[in-house]
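Taken together, the values in this text are just the output of simple stated rules run on the coordinates, not laboratory data. Note that this is a predicted model, so its numbers are computed, not measured. Cβ placement follows ideal geometry from the backbone for every residue including glycine, while neighbour counts extend to all protein chains displayed.
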Amino acid sequence: MARSLRRAVVLALTLLAIPALRLRADDGYDLWLRYPRVADAGLLTEYRGALRQVDVEGNSPTLRAARDELIKGLTGLLGAAPATSDAITADGTLLVGTPTSSRVIAALPLAAELRALGPDGYIVRAVRMGGHRAIVVAGNSDVGALYGTFALLRQLQTHQHICAVALRDAPKVQLRILDHWDNLDGSVERGYAGRSIWQWDSLPAIVSPRYRDYARANASIGVNGAVVTNVNANARVLTPAYLEKVAKIADVLRPYGIRLYLTARFSAPIEIGGLKTADPVDPDVRQWWKAKTDEIYKYVPDFGGFVVKANSEGQPGPQDYHRTHADGANMFADALAPHGGIVMWRAFVYSNDVPTDRVKQAYDEFKPLDGSFRPNVLIQVKNGPLDFQPREPFHPLFGAMPKTPLMMEFQVTKEYHGQDTHLVYLGREWEEVLRADTWVHGKGSTVAKVVEGAVDHYSRTGIAGVANIGDDRDWTGSQFNQANWYAFGRLAWNPEASSTAIADEWIRMTFTNAPTAVAAIRTMMLQSREAVVNYMTPLGLAHIMATGHHYGPAPWVRLSRADWSPTYYHKADTLGIGFDRTASGSNAVAQYAGPVRERYGSLKTVPDSLLLWFHHVPWAYKMRSGRSLWDEMVFRYNAGVDTVRSMQKLWASVRPAVDSERFADVSSFLAIQEREARWWRDAALTYFQSFSRMPIPAGYEQPAHPLAYYQRITCPANRDKPRCDGIP
Ligand code: GCW
C-alpha cells in the first residue's frame, strides 16, 4: 500500500477509535519548532513577566530573522504577541543584539566574556539595567545572537525557569554541515522522505517557502552549511542555468548563517568545459576550475566550497590520471583559496581490484598523504571504516593524520537501519563513536577531541551529516527520524554533548513536557539503537543487508564483487563465523593505536559488541555470558525483537500525551518494525544455523519458515512507496 494511503487509513481508524480527541492532529511539519502554549500556569506567569517586551537592536537580515522567530515563538508559547520596544523602559524586556548592533550590549560588563566565545558564541542572561529587570541575548555576530535566541526559546519550550537564566555557549566545531545526496532530477540517493526539497525545475522563478523553514530548523540547532547536491555529482549544477537557481537557495539560507556548498564532479572540465582531460596538474584544467570557481562566487558571494567524492564507486578522480588524492584536492583548494572557500575531500574510497580487506583501504590510501594537502582542505571520514553500519568500530584514520584536518561524516538518513520506518535514535550511535578513545596521544584522545581539533590542533574543524530530509510533510519520512536531524546538529555543535540530554530536549520540544511521557519516549529512543544492532547485526556482524537497497536481511548473498557481498563480511562456515582482522587474518586491527589494537586484537579483551568484526570464532566458543557463541547470537536476535515490543508498549502508554495523528503514525511504523525485526531475526538465524547446525534453544520463538522462504522475499529497488513482498 502506498505510504500516504496507509497513513490515511491508519489515521481514519484512529480517529474512529478515540472518542474524545484532546489534542489537535499534527502532521509533524513544524519539527521541534512548534511553540505550543505553555500549559503550566506558574511557568506561564513567570515567562509573561520576564518577557513583556522584545527589543531586537539592529536590522540585519539575521537579526530580523531572530526578531521574527521570537515573535512567532513567544506568541505561541505565551498565548499573545509580545510588545516590541526599542529601549529598556520597564521590567521584563528581552534585549537581543551584538556589541556592534547595540550600544547597550557593548556597554554591558558581559561584553569581554562574550568576546572570548568566538564568532558564533552567545550569552543569554538575566540582568538589571537602569533599575529594570531584563534578559539579554548577546552574540558576537548576528548569527551568534540568532543562536542565542533559539537557545532562549529552547528554555521555554522545555519548560525551564528563566528568571535567573544564565546560558553561555559556543560551538566546539566550526563547520556543521548537512550533505544532501539530492540529484538534479529531484530524486534523493538513499532518501526515504519523498523527493528532494530543492525544486530545481521551478527555480529560480519560484522560491519555495519551505527553504526558509529548512533554514530556521537548521539555525535552531547550529547547522551552518548545506551541500545541496549529491556526492555522486552531476556537472550540470555548475552551469550558469543552475548557478542561478543555486544563488536563490543561498539567498534564503544566508540570513540564517548557513553557507551553501556544491559537489564538484571531477570530470566536469570534460563534460561541460569541452576539455579533453580532467588531469589535475594540466594547466588548462586548473585554469578551468579557477574560472568556474570565480564564476560561482559571482552568483554566491559567500559560497562555502566543494565536496568531492573521487575514485570511489565509479566516480572519476585524480587516479584516472595517475595522480594522488592530494593532487586532486589541492587543485580545488587553489581555486577556492582566494575566496576563502574550502574543499571537503571524502576518504570513502575502496576498490574491488585492491586485494586488501575493504575496511583497510581508506587508511592505506590517505595516511601516507598526511601533510600534503593545502590548508583549506579537510578530509571527510565516515564514522567507521566500512559504511554506516548499525555498529562499527571508529574509523582508524581518526588520530592518524595529525597534519590534516579530518572531519567526521555521519549518515543521518538510515540507509542501513530500517530507513523510514524503523525507529532508531542515532544520537546514541554517534555518541558511542565520538566518545571512543583513539589513544593516539594516550588516554583521552577521543574521536570527539580529534574532530574538535583538540588533539592535533587543526585550524579547521567540521562534522557533516548525510541529510534525511525530503519533501514529505514530516520532512524526514517518520516523526522519529526528525530526532536524528536534531541530534546531528546538537552533536555537531558539541561532540561531547550527551545523547540522552539531547533526546530529552527533542522530546519536550517535539511531543510533550509531561514527565512520565518524556521518560517513556526517552527510554524508547535510548533502547532503539541497541535493538536494531541486535535484530540486524549483533556481536560485530556487518553488511548482511540485501544488495542494492540495503533494506532487509540477505546474509546468504555472494556477488561477483566480494566487497559488496554479505558472505565476505560474515565469513560463516561450519567451524564458526566472523572476519579475522587480527594478525592471523587481514590485520586491519594494526591500523589502530597500541592500546586499541591490543584490546580489539585479543579474544580476551575485545568487547562482545565487536567480536565478529575482528575475530573468526567457533560456534561453540564460550562467551562472557556463559552461553556458546551460537546461543548468544540467538539470544541477541531475540533481544532485538523483544526491545521493539517493549518500545511498542512504551509508545502505547504515551497516547494521552501525544496528538492523534503522530500517535497513529508512530504506532503503525512500530508495528512494521516489530514484524520486520522478526523477519531479520528468523532470516538470519535460519541461515546461520545452516552452518552452526545447532538448535535454537527451547524457550525462544522458533522461526516461522524455512530458510528458502526468507531467501525468496524481494523488495523493489525503490522501496519508498510499495513495501517488500512476502514478509511474514
Ligand atoms: O553508503 C553508500 C551508499 C551510496 C553512497 C556511498 C557514499 C552516495 O550506499 O549510495 O553514494 O555510500 O557514501 O558515497
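Computed over region 482-638, the convex hull of the alpha-carbon atoms projects to a mean area of 12.0 nm².
For region 175-493, the calculated P(r) over all alpha carbon pairs, in 10 Å bins from 0 to the bin holding the longest distance, is 6, 28, 36, 24, 5, 0 percent.
About its Cα centre, region 41-169 has a charge dipole of approximately 180 debye under the convention of +1 per Lys or Arg Cβ and -1 per Asp or Glu Cβ, with nothing else charged. The modelled label-to-label distance between residue 702 and residue 624, using points 7 Å beyond Cα along the C-beta direction, is 3.3 nm. On full extension, the segment bounded by residue 37 and residue 115 gains 24.6 nm, given 0.36 nm per residue less the C-alpha separation.
Within region 41-169, antiparallel bridges make up roughly 50 percent of the DSSP beta bridges whose residues both belong there.
Using a cut-off of 12 Å between beta-carbons, work out the net charge of the residues near residue 577 (Lys and Arg +1, Asp and Glu -1, residue 577 not included). Charge balance in the 12 Å sphere: -2.
What is the distance in Å between the Cα centroid of region 191-221 and that of region 521-573? After rounding, the separation between the Cα centres reads 32 Å. Note on residue 298: lysines with a C-alpha under 27 Å away, same-chain residues under 8 apart excluded, are 245, 248, 276, 290, 309. When the listed pairs 414/571; 367/443; 72/449 are checked against a 28 Å cut-off, the alpha-carbon distance exceeds it for 72/449.
Its residue count N sets the reference 2.2 N^0.38 Å, and the alpha-carbon radius of gyration of region 605-687 equals 1.44 times that reference.
Extents of region 41-169, taken as max minus min of Cα coordinates on every principal axis and listed largest first, are 38, 30, 25 Å.
For the chain, taking the reciprocal of the average inverse distance between every pair of different Cα atoms yields a Kirkwood hydrodynamic radius of 26.9 Å. Here 440, 424 are placed in order of increasing Cβ neighbour count within 10 Å, fewest first, which gives 440, 424.
Averaging 1/r over each pair of different alpha-carbon atoms in region 222-300 and inverting the result gives 13.3 Å, the Kirkwood hydrodynamic radius. Rounded to the nearest 0.05, the FRET efficiency derived from the C-beta distance between residue 46 and residue 526 at R0 = 41 Å is 0.85.
With neighbours defined as other Cβ atoms within 10 Å of a residue's Cβ, the residues 651, 564, 430, 630 order from fewest to most as 564, 651, 630, 430. Amide H contacts for residue 175 (H built 1.01 Å from N in the peptide plane; partners 5 or more residues away or on another chain; cut-off under 5 Å): 461, 462, 463. Annotation: the residues 499, 372, 528, sorted from fewest to most other C-beta atoms within 10 Å of their own C-beta, follow the order 372, 499, 528. Projecting the Cα atoms of 153, 136, 49 onto the charge dipole of region 41-169, computed from C-beta unit charges around the Cα centre, puts 49 farthest toward the positive end.
Couplings for region 279-291, taken from phi via the Karplus curve 6.51 cos²θ - 1.76 cosθ + 1.60 with θ = phi - 60°, read 4, x, 9, 6, x, 5, 5, 4, 5, 4, 5, 5, 5 Hz in order; Gly and Pro are left as x.
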